[in-house]
Amino acid sequence: MGARKNISSGTHWEEQVGYSRAVRVGNIIEVAGTTALDGQRIIAPGDAYAQTVYIIKKIEKALQEAGAALNDVVRTRMYVVDLHWSDQVGRAHAEFFGRIRPASTMIEISALVHPDLLVEMEVSAILSDSASD
């Protein structure tokens, strides 16, 4: 199956909760739920589009550290605190994934860890056989 590689973002949450930003095992990469939180600062409060763009760029960095790219994403999951934001979240998603077209889900949830966070996203990626360890 391949060696396990944990990718860390270095936040205190990883140690406190016991998780990794992303995990690669063989040619499979899972990126944990990602928000528009940069340290203690929330990016673009009240702007679901800007938060989603920030989130996808943050996910892209984790994928790169794992040896992958957005083109390798096969599944996205978007959690929004209000489906009122679905057009903005969907527009940002399409800007990055419109040509890739991963299987995607958008779900309305009751809350995230801070009331100014509007979106959380996680992805699954699979590398081609030639790219796996």
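Values quoted throughout were computed directly from the atomic coordinates according to the rules given, and no laboratory measurement underlies them. Quick caveat, the model's predicted, so the values are computed rather than measured. Every residue, glycine among them, receives a Cβ derived from its backbone with ideal geometry; neighbour counts consider all protein chains shown.
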Problem set entry | Built amide H within the under 5 Å cut-off of G26, gap 5+ | A3
Seminar exercise, completed: Among S110, T11, Q64, the residue whose Cα sits farthest towards the positive end of the charge dipole of the chain, when +1 is placed on the Cβ of each Lys and Arg and -1 on the Cβ of each Asp and Glu, is Q64
Problem set entry | Amide H contacts of E108 (H built 1.01 Å from N, under 5 Å, at least 5 apart or other chain) | V80
Exercise. What are the ³J(HN,Hα) values, in whole Hz, obtained from phi via the Karplus relation 6.51 cos²θ - 1.76 cosθ + 1.60 with θ = phi - 60°, for each residue of segment 39-47 in sequence order, with x given for Gly and Pro?
Worked result: x, 9, 9, 8, 7, 6, x, x, 10
Seminar exercise, completed: Given (1) 39, 28, 27; (2) 47, 32, 31; (3) 41, 36, 20 as possible values of Cα extents along the principal axes in Å, the one from the coordinates is (3)
For this session: Could you give the size of the charge dipole of the chain about its Cα centre, using +1 on the Cβ of each K and R and -1 on the Cβ of each D and E, expressed in debye and rounded to the nearest 20?
Result: 300 debye
